[in-house]
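**Student:** Pasting a structure below so you can have a look.
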Amino acid sequence: MGWSARHLLDVEGLSAADVDELLGLADSFRSAVDQGIQPDARLQGRHVALLFAEPSTRTRLSFELAARRLGAQTYLLDPPSSSMVKGETLTDTVRNLDAIGFDMLVVRHHRSGAPWVAARHFGGHVLNAGDGWHAHPTQALLDLLTLRRAWGGAADALRGRKVAIVGDILHSRVARSNVWTLTQAGADVWLCGPTAWISGFDGLARSLPSERQLRVTDDLAAALRDADAVMGLRVQKERMSGGKLSLVEYLERYQIDANRLAQARPGAVYLHPGPINEGVEVTREVCLGPRSLVLEQVRNGAPVRMAAMNLVCGPQTSSATRDLSSAIR
Amino acid sequence: MGWSARHLLDVEGLSAADVDELLGLADSFRSAVDQGIQPDARLQGRHVALLFAEPSTRTRLSFELAARRLGAQTYLLDPPSSSMVKGETLTDTVRNLDAIGFDMLVVRHHRSGAPWVAARHFGGHVLNAGDGWHAHPTQALLDLLTLRRAWGGAADALRGRKVAIVGDILHSRVARSNVWTLTQAGADVWLCGPTAWISGFDGLARSLPSERQLRVTDDLAAALRDADAVMGLRVQKERMSGGKLSLVEYLERYQIDANRLAQARPGAVYLHPGPINEGVEVTREVCLGPRSLVLEQVRNGAPVRMAAMNLVCGPQTSSATRDLSSAIR
Amino acid sequence: MGWSARHLLDVEGLSAADVDELLGLADSFRSAVDQGIQPDARLQGRHVALLFAEPSTRTRLSFELAARRLGAQTYLLDPPSSSMVKGETLTDTVRNLDAIGFDMLVVRHHRSGAPWVAARHFGGHVLNAGDGWHAHPTQALLDLLTLRRAWGGAADALRGRKVAIVGDILHSRVARSNVWTLTQAGADVWLCGPTAWISGFDGLARSLPSERQLRVTDDLAAALRDADAVMGLRVQKERMSGGKLSLVEYLERYQIDANRLAQARPGAVYLHPGPINEGVEVTREVCLGPRSLVLEQVRNGAPVRMAAMNLVCGPQTSSATRDLSSAIR
């Protein structure tokens with residue numbers, strides 16, 4: 001029993017037990033950090049390359065800090081280029097990184113599926129730090145840890161809780177990964193946004209196993225009613241232009257302000273994966289308010305990534321490695 | 001007794017005893033480095049983020065080396081952007097860096113006061129690596145160490161010495177910070193430059209406590225007479241345009257060449273915080289000559305920063321932390 | 001006896017015994033890496049600055065990994081600028097890096113001779129990571145290690161072997177350095193390419209000591225006949241324009257495909273220093289084929305650089321340092 005994946009490419013290959021093991025370890029790392037206790041250097045002598053074809057200072061720093069807290073060394077590829085050499089394919093880049101001698105590869109890429117390509121050509125461990133619109137496993141796991149800690153910390157803390165995810169669902173890897181982990185944890189998940197940004201998700205809802213609860217609506221009031229948590233998503237203005245949606249209309253219908261948050265269940269919390277467009281998807285008042293878990297999410301980032309790195313290449317994986325990537329795609 | 005500040009934002013909050021303690025520690029680090037002795041890893045397990053909104057390879061490397069000599073880990077934010085995300089405020093960036101898990105933050109910023117903003121939102125330690133035209137505390141401290149070492153090393157080595165600071169005083173955070181530390185150390189400080197670049201400093205001179213010696217003049221000959229040290233400042237050509245000053249005129253009246261340095265006291269030394277415009281504020285002959293302390297200044301950079309990092313977060317600060325920043329602004 | 005150079009600027013100053021010692025050490029590091037054994041942290045407390053005026057992610061990462069595997073700390077200068085400050089000379093940059101406190105400097109520069117300039121002004125150790133068209137010592141050494149390992153591993157494994165280097169010889173520092181090490185190892189080296197890219201090398205061939213075998217030809221068939229190894233070089237299209245050579249003509253006459261490789265000796269291997277223009281100097285089939293040693297070359301990169309770093313600043317150099325740079329130029 002226990003974690004046996006060589007990579008962390010997606011949350012969809014993780015069983016409830018896998019998730020529990022990871023969150024339990026992450027929670028203990030979080031406690032250690034809070035108390036100023038240094039964890040063992042379990043990844044000493046490991047060398048981690050960070051390939052961020054899409055820039056993200058925050059996520060990159062969180063992965064770097066996680067790796068180094070465990071004693072690993074981190075290396076940045078030159079950020080502006082997705083490949084090491086102009087014209088070089090991702091495959092060639094990854095094969096070279098493997099041959100140079102890296103043990104672990106953290107990949108963020110604008111192309112969905114890029115981490116799977118990387119995993120095929122890399123001898124060590126690959127972690128997906130966000131690929132296209134597809135998946136962002138460590139974000140979903142840290143969101144789950146944040147909610148679990150906010151609601152008492154038990155493994156079944158999310159069961160029966162209603163979580164409304166609001167905004168540009170269509171282009172969001174965060175939403176896709178969260179749908180998986182939140183419904184697996186027993187939450188009743190609602191996806192809410194303008195029609196253009198939720199179309200097609202009804203199909204996803206119908207395709208889920210029957211014990212999983214997923215609803216899709218363009219009616220914010222319905223999504224907020226009795227919600228225990230509201231999760232905002234970044235709205236990118238360039239995705240509005242050309243569509244039938246104006247920014248003003250979005251603010252009027254979907255921006256989360258104090259009044260709207262009050263329509264949710266008393267004590268409902270607000271989450272957002274960041275970076276936040278303050279004044280667009282949420283008001284500053286909510287974002288900095290007492291129910292905001294936004295900085296808690298950031299605080300749980302490094303501990304979750306420490307747990308992921310530890311599990312994919314810890315000693316427990318050496319005997320019987322199972323590559324989840326092949327099971328998924 | 002002893003250092004008790006949680007941050008190093010400015011030199012103006014440091015007592016003479018604080019400065020002495022820091023320079024004493026820096027001097028011992030400098031000796032260790034010169035002898036190839038590795039200092040204890042006192043900052044092991046500490047994670048230092050370097051936020052350089054204004055690029056400065058030299059200062060950044062000096063801080064990085066200082067942190068790592070003491071066992072800390074360093075992390076660079078992507079240099080071109082002052083915030084982690086376009087449109088994100090400094091406040092948001094700092095709150096996120098705090099939540100990600102960093103223990104120390106080194107800030108260089110084009111906006112005066114930025115490190116104070118950072119200190120308000122960061123749970124760990126903030127060091128000012130230069131803010132706008134305002135302050136550059138570690139530079140002033142390393143300049144002081146350099147002069148003290150050049151003049152025998154005693155704590156009162158600067159008493160009664162005349163130091164002429166020549167150039168663009170107005171836009172110089174180095175000049176502002178040096179005025180404070182040099183006059184505190186008992187030096188007779190002269191600020192000298194074209195009228196446009198010294199205007200207003202008479203007021204500063206009058207506002208200082210009466211035991212401090214500060215003179216302001218546009219007459220280089222007066223500033224150099226009997227000077228024990230001449231400190232050049234970088235002249236930026238773009239600050240000349242639009243003014244009444246031409247580059248040719250500046251060279252004629254203020255450039256420090258061997259003849260002019262000879263007008264100072266025999267054995268007078270030359271300092272410059274760098275980067276130097278050779279052939280503008282100083283000739284190559286002086287800059288590379290036997291009285292130049294320019295590379296000595298650079299050599300004292302990492303030791304002074306090691307001392308600063310050690311004192312702001314060393315064990316001696318844990319019991320009774322006093323935040324100098326609130327005392328200053 | 002044994003290594004005594006303070007720098008590694010070129011291969012031309014290395015005796016056969018020096019090369020053997022370095023390759024032996026590199027080979028043992030390669031074995032350790034392959035077996036997952038961590039080498040001793042022999043360079044703990046050393047601080048290595050990487051000055052890459054010419055960007056090269058792959059070579060930079062290989063040097064970084066090599067340094068850190070031995071316990072050293074690495075620091076990147078801001079990549080886009082060759083000097084730390086616009087207008088600053090390389091000499092000033094190096095003097096400052098020395099004063100900041102670095103122990104080792106890895107230099108890649110578009111200007112031939114830059115590492116020699118650096119070595120004159122740097123108190124520690126300088127390693128040449130490629131200068132202009134001139135030299136690329138660690139590449140030549142890793143190529144040599146790769147061939148030696150492919151051919152049984154003995155020190156005389158290359159004696160009597162024919163190695164054909166094909167492509168843009170004229171602009172290639174890799175070719176220049178390889179000519180030295182391969183002929184020193186007893187190989188029969190052929191330089192082959194279009195006339196414009198081999199002109200002048202006849203003179204080099206004649207100037208070599210008589211026991212060294214170097215031939216120059218524009219006839220690929222002659223170069224390939226009985227060759228034990230074919231080494232491709234990167235072809236840069238911008239070096240074709242203006243000349244009499246078209247890309248189509250190059251492909252027709254010099255591209256290495258499976259048919260052409262079959263003209264070499266059975267079992268002949270293919271090498272390329274990278275980055276490869278697939279479909280120009282070589283086909284994808286050859287490059288990824290069973291006789292390709294391209295990734296082996298990459299794998300030998302960090303071990304060779306570990307050996308170089310260890311030898312230039314290991315304890316054995318402390319007693320009697322000899323600066324090879326002065327012996328060479």
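**Student:** Only residues in the range C:293-307 that are free of Cβ contacts under 8 Å to residues at least 40 places away in the same chain count as the first member; pair them with residues that are of a type outside the set (Lys, Arg) and in a helix (DSSP H, G or I), Cβ under 7 angstrom, at least 6 apart or cross-chain, and list the lot.
**Tutor:** Pairs found: C:Val294/C:Cys287; C:Leu295/A:Ala99.
**Student:** Restricting attention to the range C:236-252, does a residue exist that is over 17 Å from the mean Cα position of the chain (by Cα) and closer than 22 Å to C:Leu144 by Cα?
**Tutor:** No.
**Student:** Let me ask something else. In the set B:Ala268, B:Ala262, which member is more than 14 Å from chain C (Cβ to nearest Cβ), farther than 23 Å from B:Val33 by Cα and surrounded by fewer than 18 Cβ atoms within 10 Å (Cβ to Cβ)?
**Tutor:** Sole residue among the options that is more than 14 Å from chain C (Cβ to nearest Cβ), farther than 23 Å from B:Val33 by Cα and surrounded by fewer than 18 Cβ atoms within 10 Å (Cβ to Cβ): B:Ala262.
**Student:** Taking the residues in the range C:178-233 that are over 21 Å from the mean Cα position of the chain (by Cα) and among the charged types (D, E, K, R) as candidates, determine which candidate is nearest to C:Thr146 (Cα to Cα).
**Tutor:** By that ranking, first place goes to C:Asp226.
**Student:** Also: For the range B:253-273, does any single residue satisfy the condition of being at pLDDT 95 or above, among the acidic types (Asp, Glu) and over 25 Å from B:Ser62 (Cα atoms)?
**Tutor:** Yes, the range B:253-273 has at least one match.
**Student:** For the range C:16-56, which residues satisfy the criterion of being closer than 15 Å to C:Thr138 by Cα, small (Gly, Ala, Ser) and in contact with a strand residue (DSSP E or B) (Cβ under 9 Å, 6 or more places away or on another chain)?
**Tutor:** Listed by number, the list holds a single entry, C:Ser56.
**Student:** Among the residues that make up the range C:253-262, is at least one of them in a helix (DSSP H, G or I) and either closer than 20 Å to C:Ala196 by Cα or within 22 Å of the chain's Cα centre (by Cα) (or both)?
**Tutor:** There is at least one residue in the range C:253-262 that is in a helix (DSSP H, G or I) and either closer than 20 Å to C:Ala196 by Cα or within 22 Å of the chain's Cα centre (by Cα) (or both).
Yes/no matrix, rows are residues, columns are (1) within 12 Å of chain B (Cβ to nearest Cβ); (2) among the charged types (D, E, K, R); (3) touching a strand residue (DSSP E or B) at 6+ places or on another chain (Cβ under 9 Å):
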| position | (1), (2), (3) |
| --- | --- |
| C:Leu14 | no, no, yes |
| C:Arg69 | no, yes, yes |
| C:Ala72 | yes, no, yes |
| C:Asn96 | yes, no, no |
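**Student:** Test each condition in (1) buried (at least 21 other Cβ atoms within 10 Å of the Cβ); (2) in contact with a Lys or Arg (Cβ under 8 Å, 6 or more places away or on another chain) for A:Trp3 and report the one that comes out false.
**Tutor:** Exception for A:Trp3: condition (2).
**Student:** Would you tally the residues in the range A:4-18 being outside any strand (DSSP E or B) and under 11 Å from A:Leu311 (Cα atoms)?
**Tutor:** 4
**Student:** Would you mention how many residues in the range B:265-289 are part of a loop (DSSP other than H, G, I, E, B), under 21 Å from B:Leu182 (Cα atoms) and free of Cβ contacts under 8 Å to residues at least 60 places away in the same chain?
**Tutor:** Residues in the range B:265-289 being part of a loop (DSSP other than H, G, I, E, B), under 21 Å from B:Leu182 (Cα atoms) and free of Cβ contacts under 8 Å to residues at least 60 places away in the same chain: 4 in total.
**Student:** Counting only residues that are facing chain A (nearest Cβ under 8 Å) and not acidic (Asp, Glu), which one in the range C:53-67 is nearest to C:Val107 (Cα to Cα)?
**Tutor:** C:Pro55
**Student:** Can you confirm whether B:Gln236 is surrounded by fewer than 17 Cβ atoms within 10 Å (Cβ to Cβ) and either at pLDDT 90 or above or within 14 Å of another protein chain (Cβ to nearest Cβ) (or both)?
**Tutor:** yes
**Student:** Given the conditions (1) of a type outside the set (Lys, Arg); (2) crowded, with 21+ Cβ neighbours inside 10 Å; (3) farther than 25 Å from C:Thr138 by Cα, report the number of the one that A:Ser112 does not fulfil.
**Tutor:** Status for A:Ser112: all satisfied but (2).
**Student:** May I ask you to say which residue of C:Leu51, C:Leu43, C:Leu61 is assigned to a helix (DSSP H, G or I) and crowded, with 16+ Cβ neighbours inside 10 Å?
**Tutor:** Answer to the selection: C:Leu61.
**Student:** Would you mind finding the one in A:Leu145, A:Leu158, A:Leu182 that is under 21 Å from A:Gly301 (Cα atoms), of a type in the set (A, V, I, L, M, F, W, C) and touching a residue at least 60 places away in the same chain (Cβ under 8 Å)?
**Tutor:** A:Leu145
**Student:** So, in the range A:42-52, of the ones that are within 21 Å of the chain's Cα centre (by Cα) and within 18 Å of C:Val33 (Cα to Cα), which residue ends up nearest to the other protein chains (Cβ to nearest Cβ)?
**Tutor:** A:Ala49
**Student:** Only one of (1) over 22 Å from C:Arg260 (Cα atoms); (2) assigned to a strand (DSSP E or B) fails for C:Val163. Which number is that?
**Tutor:** (1)
**Student:** Of the residues A:Val189, A:Val179, which is touching a helix residue (DSSP H, G or I) at 6+ places or on another chain (Cβ under 8 Å), of a type in the set (Val, Ile, Thr), buried (at least 24 other Cβ atoms within 10 Å of the Cβ) and not in a helix (DSSP H, G or I)?
**Tutor:** A:Val189
**Student:** Can you spot a residue in the range C:151-163 that is β-branched (Val, Ile, Thr), over 20 Å from C:Ala16 (Cβ atoms) and buried (at least 19 other Cβ atoms within 10 Å of the Cβ)?
**Tutor:** No, there is no match, as no residue in the range C:151-163 is β-branched (Val, Ile, Thr), over 20 Å from C:Ala16 (Cβ atoms) and buried (at least 19 other Cβ atoms within 10 Å of the Cβ).
The values are calculated or read from the model by the stated rules, or taken from the named source; none is laboratory data. As the structure is a prediction and not an experimental result, all values here were calculated from the model. A quick note on method: Cβ atoms are made from the backbone with ideal geometry, for glycine too, and the neighbour counts reach across all protein chains shown.
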